[in-house]
Amino acid sequence: MADTTAVSRPGVRTAAPAWVRDGGVYVALLALVLVNLVLTDNFVTLTNLRTQLVQVAPVMVVALGMALVIGTEGIDLSVGSVMAIAAAVIPLWLGYGPLPAIAIAIVAGAACGLVNGGLVAFAGVQPIVATLALLVAGRGLALVLADGQLKDIRNPTLLALGEDSAAGIPILVIMAAAAALVLAFVMRRSTFGRHVVAVGGNRTAAFLAGLPVKRTLVTVYVISGVLAAIAGIMQTARLQASDPSAIGVLIELSAITAVVVGGTPLSGGKVRILGTLAGALLIQLIRSTLISNNVPDSTAQMVLAAIIVLAVAIQRREAVR
Amino acid sequence: MNEPLEHETAVPGAPVLEARAVSKGWPGVVALDAVSFDLALGEVHALVGENGAGKSTLIKVMTGVHPPDAGEVRYRGAKVAFSGPREAQGAGVSTIFQEVNLVPLMSVAQNIFLGREPRGRLGLVDTGRMERDAAQLLERYGVHVDPSLPLRALGVGVQQMVAIARAISIDVRVVIMDEPTSSLEPREVEILFGTIKSLREQGVGIVYVSHKLDELFRICDRVTVLRDGKLVHTGAVAELTRIRLVALMLGREVAEVRDRGVTEFGDGHAAIGGEPVIEARGLRRRHVLHDISLSIRPGEVVGLGGLLGAGRSEVAKALAGAQPLDGGEVFVEGRPVKSGSPPAAIRAGVAMIPEDRKVEGIIPHLSVRENIVLAALPRLSRGGLVSEKAQDELVETFMKRLRIKASSPRQPVGELSGGNQQKVLLARWLCLSPKVLILDEPTRGIDVGAKAEVQSLIDELAGQGLGVLLISSELEEVLEGSDSVVVLREGSVVDVLRGDDVAEAPLMAALAGGQEHADG
């Protein structure tokens, strides 16, 4: 059975070797830390690491949901607006206590995911169009819910969520790590995880094999919506304010970048959880490296754009193979 | 009925479009091998051949989609190299592709005049005139629609007529039609044939690609047959019999009697018996399937014969719950199966290996293991979690049994050879212990060794009491592998061959249809 002679590798192998595709993000992360050791004062310290992780945690949570959606050959542009809806819902329900408020925010996120998934799976709308609709409408809804106003959060439980640590690790970071662990387990061991990559890898084949294609699609968008809502709660807790007009603006781009840089192809069929976390961290560190070396944020955004192009180019090569 | 289009005074019989010894290939594939083709003004020239014969490639070379590797394309007596269909159309060679390629959201009139809209003062589009002209043009072909309607509001048949109107409203000398009737109603087909006749009278040359023999014999003057990228015949349609044409397409001599033993199939299955394990009653789908009924008993291999486009794959998919139906029912062991639902068919015990392994079968990124267990996930999992142990045992059993060659169960399936990919698909379905196995071209594109293995496996499975439906474009495979053959033509069952009739001559006669019989 170890006989490999009959194994053919059709087509021409092109430049990017597998390790660049699969491990490139970790190498880049390591290189960036090394550069900063030399270049930036006080960069590689525990305090800075904490700061960076707390800042990136909501992005990571959003990116995890995005990775699943992209794994089915889809995309979810509405995540920022779902964060805004979650943020807008919290002060409305905080009178009943923090837990009901959080629960309602999560239910709102799930409902948004249900709308996206329903449009994609049952109405056959292209993911980019379906979620673009909610990107626009969701922000509007959030502003209506919040009366267009920023509201301070003074609830001690929510503030603790944003500020406190357990065993020295910020709670926000623990939440992101927990989300990653759960998803990694689901993708590795559950039938649902298999369905996601099968539907993304070859939807016709998955349908013919009797897989619940539509249910799988709806579920990934619901997961993405729930995770976006959780990210909205996290961000609200961290900022100590519900700000539906600014929260999560352009976060879909950071999340998509994190997923793609982390080695999940936009063409679906593969989901990399750890790679997505590393991708999010890489983007965060690049941005803060540039800023702490007095490069303006606008330039930092251009550098990020270049990284997206590079990551996609490396994956294109794989698709051509 | 048609206003004369402007064209040069045609010399009847002079070639207007010509391909001279054209070759075209891609790495590992020869699509066209020194094929010559010529079209005279005022003739309808049929271009026929089975899958992979090279018809589409020839059309694409002649219209400039692909440059030829060797040989030349000549138009009106001079060598040409069109940069694409657009330039070809500008020069007077219009192509109507199989898939209607119009803009669904634009109006009928806009589609007809796309890129050459009538202009009014100030250079703006004169919509009123455009719609009047469009209505007039369509009237001539018997199509009565409001030209301001968006195209997608119309049926496929009318869309096809709009495409044709668009193609011939331009000053054309050559019209290439790729299966123009595949989505037309009989009434619309008559209108189309009327149009073709009037075009021919005006001296326009028409290349007509179709699998429907009736049409070829009705409206075509000459026919060119391609097979495996080679030219096998050109001549007047009137000189051919239907069966001779089918023989040319399939690469057979009518009288040729083949020895048995080309394939690995045994001599028929003794243990056929009992009630049908699967039965289809009156399967219907507009334009595709017309009242198809068939049944398979345990241990029986039923072949499905038919030319390209006869509806073989659609029947296979219908039995597997993957083909939307307008009517009809499928029964497995006497119990009706919910139609249009692969999971229901799978639960009832129906397994299907689809025709296109890459597009419909394997999931290339996933490992051999994950591909094999894909359909078996429900029975390998508890509480939504996959049991790794049960999964690995199953995968090991089937990799051994089918001798799947992979470096490990973790190797991505996309890296395996075609034969091993096919075995992975067989494993995917066999591990469900199905009652019915539907095989659509199970040996296409796999090497000789794997082919023999798959063929003897089919025999073995039938011996174990499975009902097998076998589709193959290789005659030997169907004839030697099957106990009986159901012959399809244009979506209908036209014949069922049993016993001694499971042989080449009766099959070809059935494929050709009409009243003729093989005299060989």
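Just so you know, all these numbers are worked out from the coordinates, no wet-lab data involved. Everything numeric here is computed off the predicted structure, so don't read it as measured data. Here Cβ is always computed from backbone atoms with ideal geometry, including for glycine, and neighbour counts include all displayed protein chains.
Structure data summary
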{"read-out": "Sum of -39500 (n - 2.57) over DSSP H runs of 4+, divided by residues of chain B (222 nm, nearest 500)", "value": "-9000 deg cm²/dmol"}
{"read-out": "Positive minus negative residues near B:E388 (Lys, Arg vs Asp, Glu; Cβ under 15 Å)", "value": "+4"}
{"read-out": "Amide hydrogen neighbours beyond the local backbone of B:R227, cut-off 5 Å, H modeled", "value": "B:V232"}
{"read-out": "Residue (of A:T47, A:P58, B:Q411) at the positive-pole extreme of the protein assembly as shown, dipole from beta-carbon charges", "value": "A:T47"}
{"read-out": "About the Cα centre, charge dipole magnitude for the protein assembly as shown (Lys/Arg +1, Asp/Glu -1 at Cβ), debye", "value": "2460 debye"}
{"read-out": "Distance in nm between pseudo-label sites at B:E117 and B:S407 (7 Å out along the Cβ direction from Cα)", "value": "5.7 nm"}
{"read-out": "Note, ³J(HN,Hα) from phi for the stretch B:347-353, Karplus 6.51, -1.76, 1.60, rounded to Hz, x at Gly and Pro", "value": "4, 6, x, 9, 10, 10, 9"}
{"read-out": "log₁₀ of I(q)/I(0) at q = 0.07, 0.11, 0.12 Å⁻¹ - chain B, Debye sum with one point per alpha carbon", "value": "-0.46, -1.05, -1.18"}
{"read-out": "Among A:A137, A:A86, A:A57, residue whose mean-square fluctuation peaks in a GNM of chain A (springs only between Cα atoms under 10 Å)", "value": "A:A137"}
{"read-out": "GNM result for chain A, Cα springs below 10 Å: residue of A:G263, A:G162, A:G109 fluctuating most strongly", "value": "A:G162"}
{"read-out": "DSSP-assigned coil residues among chymotrypsin sites (Phe, Trp or Tyr not before Pro) in the stretch A:79-175, each with at most 13 further Cβ atoms within 10 Å", "value": "A:F122"}
{"read-out": "For the stretch B:360-433, average projected area of the Cα convex hull in nm²", "value": "4.6 nm²"}
{"read-out": "Pairs of Cα atoms farther than 34 Å apart, chain A, %", "value": "24 percent"}
{"read-out": "Amide H partners (placed H, <5 Å) of B:R444, local residues excluded", "value": "none"}
{"read-out": "log10 of Debye I(q)/I(0), alpha-carbon scatterers only, for the stretch A:186-321 at 0.10, 0.13 Å⁻¹", "value": "-0.43, -0.71"}
{"read-out": "Relative contact order (%) - the stretch A:56-248, alpha-carbon pairs under 8 angstrom, separation at least six", "value": "45 percent"}
{"read-out": "Residues of type lysines that B:K451 reaches as a straight line, Cα spacing below 18 Å, ignoring anything fewer than 8 places off in the same chain", "value": "B:K358, B:K400, B:K405, B:K423"}
{"read-out": "Under-5 Å amide H pairs with B:D495, H placed in peptide plane, nonlocal only", "value": "B:V487"}
{"read-out": "Unsatisfied cross-links (Cα-Cα over 32 Å) in the set B:K79/B:K230; A:K270/B:K60; A:K214/B:K60", "value": "A:K270/B:K60; A:K214/B:K60"}
{"read-out": "Within straight-line cross-link reach of B:K24, aspartates and glutamates at Cα separation under 15 Å, skipping those fewer than 8 residues along the same chain", "value": "B:D33, B:D69, B:E72, B:D228"}
{"read-out": "Equivalent ellipsoid semi-axes, the protein assembly as shown, via Cα gyration tensor eigenvalues times 5, rooted, Å", "value": "54, 36, 26"}
{"read-out": "In Hz, Karplus ³J(HN,Hα) per residue of the stretch B:142-153 (6.51, -1.76, 1.60; θ = phi - 60°; x = Gly, Pro)", "value": "x, 9, 10, 9, 6, x, 8, 5, x, 4, 5, 6"}
{"read-out": "J(HN,Hα) series, the stretch B:366-377, from Karplus relation 6.51 cos²θ - 1.76 cosθ + 1.60, nearest Hz, glycine and proline x", "value": "7, 6, 3, 4, 5, 5, 5, 7, 3, 7, 8, 3"}
